[in-house]
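I have placed the structure first, in the form of structure tokens, so that the comments after it can refer back to it.
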Amino acid sequence: MKKNVGKSDMIVRFILGSILLILSFTDVSPDELLDDLFAITGVYLLLTGLIRYCLVYFFLGLSSYSKGRTKMY
């Protein structure tokens, strides 16, 4: 599996995944289906951030991963 999730994308995925899981477990929404959707999406974002491979990116031919070190100014 070739990595296709970059570092900044990984951080965003961790943050959004965590927020969605928290929303799912605190029962903020009145709908049970929405809670399940939040949980599934949150787990998917956390897993894709952890393994740095996104299946959706693969099918769309996208990548935010850069092999070399880039300088941030």
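The values are calculated or read from the model by the stated rules, or taken from the named source; none is laboratory data. Just so it is clear, the structure is predicted and the values come from calculations on it, not from any experiment. In this analysis, Cβ positions are derived from the backbone assuming ideal geometry, glycine residues included, and neighbour counts consider all displayed protein chains.
Of the residues making up the stretch 4-28, those that are over 14 Å from T48 (Cα atoms), among the aromatic types (F, W, Y) and at pLDDT 95 or above number 0. If you check M1, M72 for being aliphatic (A, V, I, L, M), at pLDDT below 95, surrounded by fewer than 16 Cβ atoms within 10 Å (Cβ to Cβ) and out of contact with any helix residue (DSSP H, G or I) (no Cβ under 9 Å at 6 or more places or on another chain), only one passes: M72.
When each of I22, I51 is tested for being of a type in the set (V, I, T) and more than 15 Å from K2 (Cβ to Cβ), the lone residue that passes is I22. Within the stretch 28-39, being in a loop (DSSP other than H, G, I, E, B) and exposed (fewer than 12 other Cβ atoms within 10 Å of the Cβ) holds for V28, P30, D31. Of the residues making up the stretch 5-25, at least one is surrounded by 13 or more Cβ atoms within 10 Å (Cβ to Cβ), in a loop (DSSP other than H, G, I, E, B) and in contact (Cβ under 8 Å) with a residue 40 or more places away in the chain. Applying a threshold of 9 Å to beta carbon distances and a minimum spacing of six or more residues, or different chains, the list of pairs starting in the stretch 43-64 at a residue that is free of Cβ contacts under 8 Å to residues at least 60 places away in the same chain and ending at one that is exposed (fewer than 15 other Cβ atoms within 10 Å of the Cβ) and of a type in the set (S, T, Y) reads L45/S18; L46/S18.
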